[in-house]
Amino acid sequence: MTDVSVPDLGDFADVPVIEIHVAPGDVVSNEDPLVTLESDKATMDIPSPAAGTVRELRVKVGDLVSRGSVILSLDTEGAEVEPPPLTDQQEPPTLDAADPLAAAREPAARSIAEAPVPGATAGAGEVGAAAGASAPAGAGAGAEALADFDGVHASPGVRRLARELGLDLTALSGTGPKGRITKEDVIAGVRGPATAPPVAGAGIPEVPAQDFSKFGPVEVRPLTRIQRLSGPALHRSWLNVPHVTHDDEADITDLDAYRRELDTAAKAEGYRVTLLAFLLKASVSALREFPKFNSSLTPEKDALIYKGYYHLGVAVDTPDGLVVPVIRDVDRKGITELSRELGVTSARAREGKLGMADLQGACFTISSLGGIGGTSFTPIVNAPEVAILGVVRSKMAPVWDGEAFVPRLMLPLSLSYDHRVIDGALAARFARYLCGVLEDIRRLVL
Amino acid sequence: MENQTAEVLVLGAGPGGYTAAFRAADLGKKVVLVDREPALGGVCLNVGCIPSKALLHAARVIAETREMSENGVSFGPPEIDLGRLRAWKDGVVGRLTGGLATLARQRKVTTIRGYGRFTSPHELAVELAEGGAVSVVFEHAIIAAGSEAITLPFIPASDPRVIDSTGALEVEEVPSRLLVIGGGIIGLEMATVYHELGAQITVVELLDQLIPGADRDVVAPLAKRVARLYENVFLRTRVTGVEARPDGLAVSLDGAKAPATDTFDRILVAVGRRPNGSLIGAERAGVAVDPSGFIPVSKQMRTSVPHIFAIGDVVGQPMLAHKAMHEAKVAAEVIAGKNSFFDARAIPSVAYTDPEVAWAGVTENEAKAAGVAYGKGVFPWAASGRSLTLGRSEGMTKVLFDEASGRIIGCGITGPSAGDLIAEAVLAIEMGADAADIGLTIHPHPTLSETVAMAAEAFEGTITDLYLPRRPGTARSAT
């Protein structure tokens, strides 16, 4: 069996598949068109490189492909038959084994009532759908390696754990005997890139153990899984990033009036419009104006990587601890869409149903404690991001308008940033700009 | 029986099928398990692994009592009551299949006895064994339809004197001369049984060694023993025709050392097994089946239709129950939303012959063919105290290591209990153990298990139970 991939047809990349001419089981001849691609210049057919039987489609209409992208697998006639490689089957891993999302991702997991569709073509159509659905952008280069941990020095149990957590073992170095990847390595590798193995304590003196029971009754309760995972990540950020927190406040009197209008309408439709949606949009506006805030240091720390996308993390308080799901492409979404997505995402976060893909790829994070209270705090930058916006509860305050004190709804903001990347003046300008947008949300549409 | 709905339909109740059904049920799925046979357990439990092992145990007892008579303990020739032997074997099978039925009940797995064929991507029609038909509408399916013995077109299959492994396990009678066509695992196991029950055995194999999947040196002790005990072993020989005559089956042979014709009382055809992928209406479900009847799957056991999975013999070689059981768990877990993969690094194979032959991971043949830089440690059982006290000395343990990393990549073992011993090598391969790991692990003395450690020591150059002249420039250990 051979994989048929996009040949070198000239200078193009990421062009969409606009038509698929074959289905699994179809017999094709050499040069038969398999799929049609559309570049900005022309459409082109990808011909079959050989005669054979289509085994499995790896793309669906709308998928973006480049040279080398596998389109389908082909049983060439007379060739020895072997099981298809499973690269296509890599599903985005989920944190929760009983995650119904996994079922939702699976096209076949629909109710029985709408199920039986006679004939083989229905099955063939599903193959295409699944093949496409299973190539998520977020899965990235790891998918191939996840399929096969060949040569990786890890026991079967560790390999299974890595799969459950969606971790590519080929990119991890082991700390066990002879470089074996241990369960601890996998857990440590789940958060953040697999850089050098953690140096024990990095020279930081451990807090000495204490026997508290000497002083009174005590009880030991294990940390939740989320806490065990997020703890080391927070500690890593805190130790690596020279933090500065800059406070400011925005007058959101007008914004809040507008938000209430939208919210009243939204309630009827079953969702809520919160300040967070506006904070997301305003942050994107500020990130565009100050691209340094949408960058990361290279591992060598001699350059900045600027990101051309706007995925924002939103810290969510759950019964098991803090999680930070990522809202993708905030720049391309409106307040309504963001509000709906925030509702769904935070509900899923609280139910423990977020998958790894939901937690990766953020450029900037917002942590809002507005529902609880407070006047300011120091959020910890979620490295390798370079800044995080903390928000506490807005309050009515007397504001001098030049002639008199007027009651205005003021929102305190706490912007923590990585001082290696951002200096104080830039942070102050970022915060001022952000407040400006929030104070006059007409600027959002500019 | 009424029509059924299932979250997970499992077609076939062999080791793969029942494992998949039970795992899926344990993960909270509503499971329907369909099999055409009255008893659960498939070929393995009913007409394969288990009954053959019962008969092989009987064969072993006969052989041991005979061998021991030379060492001062004589029992006299065995008196064989085939009826009671068969009843004992059937009792063992019944106990296991009955146990499966209980396990299915405890998990609330619905079992349907009948022949299932897909009618659409979400429906299976079952011709009930008791008559009538039901339909099972399913969300997910796991095809575990197994395989069946290959028949040879030029052999009169209707003649009761021509049997396959299933027929052989019935032990209706012990022929005076038995021809075994196929020198693989199944043929040689049955030859072992019938030889000890008193038949004269002739084995015909097309290729140039018995058990062609294993290394020649690993098979050699078995080949040597059967060459001595059996009437004939003809390698590179083809059976070209069989004529059923009243006085016997006249067989035409084509091979350098074989006579042109010979007559046998019975013929056992053991030339391999064919997957049942083409017998279940897979095309109506849209599931791709290759021309030989295998259903291609991904490492998550998914067929060309994403909600239909396939496991076991029907997805490819090796056709072994333990492979099927592991694939079964992967399929059930993926359906339940887990991100499981079948990524076993070694699947052991065992011939329960006398002596047993077992191997796992890369064979030396494969390593050479693939150009792998490997080293090996070999320990002959003639130097094993435990083997000698069993009255046997022909066994050997060979362990292959990757030259660069020193990690174990394969193992071949011949001798009594080789099938049990190979498990250590499989674990070592999965754990990425190297020769030192195995050699430094204290194995109990005296056991056959020591031979694995000693083979590792032989590779490392630390062995003291053998004297291996030091090869120049090959000192492997600083110790």
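Only the coordinates and a few stated rules stand behind these numbers; no lab work does. The structure displayed is predicted, hence computed values, not measured ones. Positions of Cβ are generated from backbone atoms using ideal geometry, with glycine treated the same way; all protein chains shown enter the neighbour counts.
Please compute, for peptide B:119-126, the average count of beta-carbon atoms on other protein chains lying within 10 Å of each residue's beta-carbon.
Going residue by residue through B:119-126 and averaging, the value is 5.
Just from its helices, what would the mean residue ellipticity at 222 nm be for chain B, if runs of 4 or more DSSP H residues each count -39500 (n - 2.57) and the sum is divided by every residue, rounded to the nearest 500 deg cm²/dmol?
Dividing the helical sum by the residues of chain B leaves -10000 deg cm²/dmol.
Need one number: the % of Cα-Cα pairs in the stretch B:349-460 sitting beyond the 18 Å mark.
Here the long-distance tail beyond 18 Å is 42 percent of all Cα pairs in the stretch B:349-460.
Any chance you could get the radius of gyration and Dmax over the Cα atoms of the stretch A:244-445, in Å?
Using the Cα atoms of the stretch A:244-445, the pair Rg, Dmax is 16.7, 54 Å.
Calculate one ³J(HN,Hα) per residue across the stretch B:82-95 by plugging θ = phi - 60° into the Karplus curve 6.51 cos²θ - 1.76 cosθ + 1.60, and present them in order as whole Hz with x for glycine and proline.
The phi angles translate into 4, x, 6, 4, 5, 5, 5, 4, 5, x, 4, 4, x, 5 Hz.
So what is the relative contact order for chain B, in percent, with contacts set as C-alpha pairs under 8 Å and at least six apart?
Contact order relative to length: 14 percent.
Mind sorting B:Ile429, B:Ile442, A:Ile380 by how few other Cβ atoms lie within 10 Å of their own Cβ, fewest first?
Working: B:Ile429 23, B:Ile442 8, A:Ile380 19.
Going from least to most buried by this count: B:Ile442, A:Ile380, B:Ile429.
Taking θ = phi - 60°, what integer Hz values does the Karplus form 6.51 cos²θ - 1.76 cosθ + 1.60 yield along the stretch A:419-427, in sequence order, with x for Gly and Pro?
Result, ordered by residue: 5, 6, 9, 10, 9, x, 5, 5, 4 Hz.
Which FRET efficiency, nearest 0.05, do A:Asp329 and B:Ala133 yield, Cβ-Cβ r, R0 56 Å?
Computed FRET efficiency for A:Asp329 and B:Ala133 comes out at 0.60.
How big is the dipole moment of chain B about its Cα centre under a simple scheme where the beta carbon of each Lys and Arg is +1, that of each Asp and Glu is -1, and everything else is neutral? Debye, nearest 20, please.
Roughly 560 debye, rounded to the nearest 20.
Straight-line reach from B:Lys53: which lysines fall under 27 Å, measuring Cα to Cα and dropping same-chain residues less than 8 apart?
Within reach: B:Lys89, B:Lys224, B:Lys323, B:Lys329, B:Lys398.
Rank these for me by crowding, B:Thr353, A:Thr264, going from fewest to most other beta carbons within 10 Å. Don't skip to the answer; put the middle values down first.
Working: B:Thr353 26, A:Thr264 10.
The order, fewest Cβ neighbours first, is A:Thr264, B:Thr353.
With respect to the cross-link table entries A:Lys178/B:Lys376; A:Lys292/A:Lys395; A:Lys292/A:Lys353; A:Lys178/B:Lys299; A:Lys267/B:Lys338, which display a Cα-Cα separation exceeding 25 Å? Please report the intermediate quantities before stating the final value.
Working: A:Lys178/B:Lys376 21 Å; A:Lys292/A:Lys395 31 Å; A:Lys292/A:Lys353 33 Å; A:Lys178/B:Lys299 28 Å; A:Lys267/B:Lys338 36 Å.
Exceeds cut-off: A:Lys292/A:Lys395; A:Lys292/A:Lys353; A:Lys178/B:Lys299; A:Lys267/B:Lys338.
May I ask you to derive the FRET efficiency for A:Val218 and A:His243 from their Cβ-Cβ distance with R0 = 30 Å, giving the value to the nearest 0.05?
It comes out at approximately 0.40.
So what is the diffusion coefficient of chain B in µm² per second by Stokes-Einstein at 10 °C and 1.306 mPa s, using a Kirkwood Rh over Cα pairs?
For the chosen part, D equals 66 µm²/s.
Sort out for me the Cα centre separation of the stretch A:155-193 from the stretch B:381-419, rounded to whole Å.
Going from one Cα centre to the other spans 33 Å.
Scan around B:Thr240 for amide H atoms under 5 Å from its own, H built in the peptide plane at 1.01 Å from N, and keep only partners 5 or more places away or cross-chain.
B:Ser252, B:Leu253, B:Asp254
Which whole number gives the average, over all residues in A:163-169, of C-beta atoms from other chains lying within 10 Å of the residue C-beta?
2
Scale the Cα Rg of the protein assembly as shown by the rule-of-thumb value 2.2 N^0.38 Å and send over the ratio, two decimals.
1.15
Could you work out the mean count of beta carbons from other protein chains within 10 Å of each residue's beta carbon in A:54-65? Kindly include the intermediate steps, with their values, before the conclusion.
On the way: counts 2, 4, 6, 1, 0, 0, 0, 0, 0, 0, 0, 0.
That average works out to 1.
Given the options B:Pro15, B:Val47, A:Ser69, identify the residue whose Cα lies farthest towards the positive end of the charge dipole of the protein assembly as shown (+1 on Cβ of Lys, Arg; -1 on Cβ of Asp, Glu).
My answer, from the dipole projection, is B:Pro15.
Please arrange A:Val207, A:Val54 by how many other C-beta atoms lie within 10 Å of their C-beta, fewest to most.
Neighbour counts put them in this order, fewest first: A:Val207, A:Val54.
At most 14 other Cβ atoms within 10 Å and a DSSP loop assignment: could you name the GluC sites (Glu not before Pro) in the stretch B:33-135 that fit?
For GluC sites (Glu not before Pro) across the stretch B:33-135 that sit outside H, G, I, E and B with at most 14 neighbouring Cβ atoms in 10 Å, the list reads B:Glu79, B:Glu130.
Enumerate the amide H contacts of B:Phe234 below 5 Å, restricted to partners 5 or more residues apart or on another chain; note that Pro and chain-start residues carry no placed amide H.
B:Val203, B:Val204, B:Glu205
Quick one: 3J(HN,Hα) in Hz for the stretch B:42-50, Karplus 6.51/-1.76/1.60 with θ = phi - 60°, rounded, Gly and Pro as x.
So the J values, rounded to whole Hz, are x, 4, 3, 7, 8, 9, x, 3, 6.
I need the chymotrypsin sites (Phe, Trp or Tyr not before Pro) found in the stretch B:342-376, filtered to DSSP loop residues with at most 13 other beta carbons within 10 Å of theirs.
Within the stretch B:342-376, no chymotrypsin sites (Phe, Trp or Tyr not before Pro) qualify (loop, at most 13 other Cβ atoms within 10 Å).
For A:Val4, which sequence-distant residues (separation of 5 or more, or a different chain) have an amide H within less than 5 Å of its own amide H, given hydrogens modelled in the peptide plane?
A:Ile71, A:Leu72, A:Ser73, A:Leu74
Taking Rh as the Kirkwood radius computed over C-alpha pairs, what is the Stokes-Einstein D of the stretch B:162-271 at 4 °C in a medium of viscosity 1.567 mPa s, expressed in µm² per second?
It diffuses with D of about 94 µm²/s by this estimate.
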